[in-house]
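Following: one structure in structure tokens, then a few remarks.
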Amino acid sequence: MTVDTNAVSHSQQLRAALATSGLPLTLMYSEFWGNDRVGELVVPFLVLMHQVVRASVPLMEAASAKAAETAPRDPLAARLQAYMDAHIEEERHHDTWIMEDLESAGLDRDSLLAQTPDSQVAALVGAQYYWIYHHHPIALLGYIRLLEGKPPSAGHIERLRQVSGLPESTFRTYQLHGELDPDHLQEFDTLLDALDLNQEQFELVRQSAVYTAHQLANCLGTLIKRNSE
């Protein structure tokens, strides 16, 4: 069946693209959270979350700065910059909060910060810098959409707390994302549908989202493999 893309909003098109091209991440999440030793995976997952989230504000700052630079010749730039600047304030300090959560689980801050993230984490984040600086900062919208597209439920978080035996404070920021990301997703969809994107620009957003899904699946797969060794 052929879909008339002119009758479907960009947010609907992106959601449909992720439902198919993002399937490897969906399957990986099922494997990850369904693992028999999932309690042992919670801390490594939160460490990964910290490594990714600590890059969020710097990425948005880069996208905002590039949008400001191109605004005189790019009609999308001013709207994109305004969104990034607002989202920066919403996401600021979340990496610090996750670090504090991990400390409440008994981890040492200096040791965590000294740990070199996997190349897969660098690839997940680094591609966004390339697209921002060498093509168009609109790409970062795909990254944001993917990372905020599946907020954790209260039941999921409670299950993880029980199977891990970790204190409730360890899940503070993860729970916050479960509460805030649905609103952020609605704001994102509203923005995406309001932007006058041409097909090439929308394709860049889609490509970024799908790439992020695949790289995040790789990161999760590595955590499972390490935990089974």
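What residue among Gln175, Gln199, Gln186 has the largest mean-square fluctuation in a Gaussian network model of the chain, using Cα springs under 10 Å? For the chain, modelled as a Gaussian network with Cα springs under 10 Å, the answer is Gln199.
Note on segment 38-174: with charges restricted to the Cβ of Lys and Arg (+1) and Asp and Glu (-1), its dipole about the Cα centre is near 440 debye.
For segment 104-207, the carbon plus sulfur part of the accessible surface works out to 50%, probe radius 1.4 Å. Counting only alpha carbon atoms, the long axis of helix 10-21 and the longest principal axis of the chain meet at about 50°. Remark: relative contact order (the chain) = 34 percent; criterion is Cα-Cα distance under 8 angstrom and separation of 6 or more residues. The phi-based Karplus calculation (6.51 cos²θ - 1.76 cosθ + 1.60; θ = phi - 60°) puts the 3J(HN,Hα) values of segment 91-97 at 9, 4, 6, 5, 5, 5, 5 Hz, whole numbers, x for Gly and Pro.
Figure the gain on full extension for Gln207 and His156 (residue separation times 0.36 nm, minus the Cα-Cα span) and round it to one decimal in nm. Present the calculation step by step, with values, prior to reporting the outcome.
Working: separation 51, 0.36 × 51 = 18.36 nm, distance 2.91 nm.
In short, 15.5 nm is gained.
Under the rule a/c < 1.5 gives rounded, and otherwise a/b versus b/c splits prolate from oblate, where does segment 1-150 land using the Cα gyration tensor? Oblate shape, in that a/c is at least 1.5 and b/c is the bigger or equal ratio. In segment 73-139, which trypsin sites (Lys or Arg not before Pro) fall in coil by DSSP and have 14 or fewer other Cβ atoms within 10 Å? Hits after loop and neighbour filter: Arg92.
Per residue, the accessible area of segment 58-199 comes to 49 Å² when a 1.4 Å probe rolls over the protein heavy atoms.
The values are calculated or read from the model by the stated rules, or taken from the named source; none is laboratory data. None of the values given here were measured: they were computed from a predicted structure. Note that we place each Cβ from the backbone using ideal geometry, even for glycine, and neighbour counts take in every protein chain shown. Ligands, DNA and RNA are excluded from the accessible area calculation, which covers all protein heavy atoms including side chains. Shrake-Rupley method; radii C 1.70, N 1.55, O 1.52, S 1.80 Å.
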